[in-house]
Amino acid sequence: MNGIKQQLNKNSNKLFRYLVIALLFTSCSATNQLTMGVVEPAPVSVSKTVTNIGIINRSLPSESNQSIDKIDQILSAEGLNLDKKGGAAAISSLADRLRKNETFNIVKILDGGLDLQKGLGVFPATIDWDVIESLCEKNEVDVIFSLAFYDTDTKVSYKVTTMEVPNNLGIKVAVPAQELSLQTLIKNGWRIYDLKSKQVVDKYTYQKTVSSTGRGINPVKAFEAIMGRNEAVLQQSKNIGSSYGLRLLPIKRRVTRNYFVKGTDNFELGKRRAQTGNWQGAAELWEQELSNTDQKIAGRANYNMAIINEINGDLEKAINYASRSYTDYQNKDALRYLKTLEYRLSQIAKLRQQASR
């Protein structure tokens, strides 16, 4: 008993030490964290002259692949038309998303027409540019979006369980049952062919998993219980198509930044002003420390002035302050921040270029 008490006391003392250290670390931190919204350029850029878009489906198996695909369908317990319907749903959803983009005048889903080698679960070879040119001229479009492949792979697992069913008297009783689980992996790949630049401006792969579970008194009944799996796959395919269309739009996201809150009374007061949203008031205090004879304090003040200028959208001024914080006052945090600011400035230049199309 004494041994147990000693061990408990030992664990309690250890926990207490950890808590004290954590509190000291939190209270002594020289920085606070803030979050801000930024807008980044679209992941995909197309030529400024692009107004009309064509979409083709290369995901249907070519004749040489038909037998392989049928074997795959049987092994993975796929419905015969699930891949076909899923690919069509993804393309239709992509077209709907692109039509909402005011940059484009026409968005067409193109019929096959040409004998294009199709893929099976992997990217096929890129389409020859003379074929792309023929497609564009025939359909009066500037760019071709291609669903290069679409494939579903389903893994099946069984386990014995029980389920309640009413007997002849209407009383529910537990009976042996089969539980069937389906894990359907949706794989698809996309390419965008820009005729004017003759470049594949995007090549992207999506993978999503749809899980379904059902119970029945036998495997057939269990499968019937999860027939909604097909609808779930089609809905996920629509989501994929819509998401791909968003790759042509700028991205809004939140980023985190650290700023200094310790060193002088002005930093302490600036911290409280910043916490209440009075960033300009905090900046007035930081600015007073720029000429501090303590190199460390002056470096922190320059760093914080870079922060406030980024908040205000003046990245060039922010870069100047961050650069001075590092070069003149050897603030190592400022070098990392400087690289972040320079990257953001390049992204904004790209964003403006996209907006000018």
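Quick note: the coordinates plus some simple rules give every number you see, no bench work behind them. These figures come from a predicted structure and were not determined experimentally. As a convention, Cβ positions derive from the backbone with ideal geometry for all residues, glycine included, and neighbour counts pool all protein chains shown.
What percent does the relative contact order of the stretch 175-320 come to when contacts are Cα pairs within less than 8 Å and at least six residues apart?
Relative contact order here is 14 percent.
Label positions at A30 and K262, each projected 7 Å from the Cα along the C-beta direction, are separated by 0.9 nm. When the trypsin sites (Lys or Arg not before Pro) in the stretch 271-307 are filtered for DSSP coil states and for at most 10 other beta-carbon atoms within 10 Å of their beta-carbon, no site remains. Here each label is just a point 7 Å from Cα along the line to Cβ, and for V255 and T293 those points are 3.8 nm apart.
Other residues with beta-carbon under 14 Å from the beta-carbon of T213 carry, at +1 per Lys or Arg and -1 per Asp or Glu, a net charge of +3.
From the Cα gyration tensor of the stretch 201-345, with a ≥ b ≥ c the square roots of its eigenvalues, which class applies: rounded if a/c is under 1.5, or else prolate if a/b is larger than b/c, or else oblate?
Taking the square roots of the gyration eigenvalues as a ≥ b ≥ c, the stretch 201-345 is prolate.
Measuring from a point 7 Å past the Cα of K196 along Cα-to-C-beta, which residues in the stretch 120-144 have an amide N at less than 18 Å? Those under the cut-off are 132-144.
When the alpha carbon gyration tensor of the stretch 260-357 is reduced to an equivalent ellipsoid, its three semi-axes come out at 26, 16, 9 angstrom, largest first.
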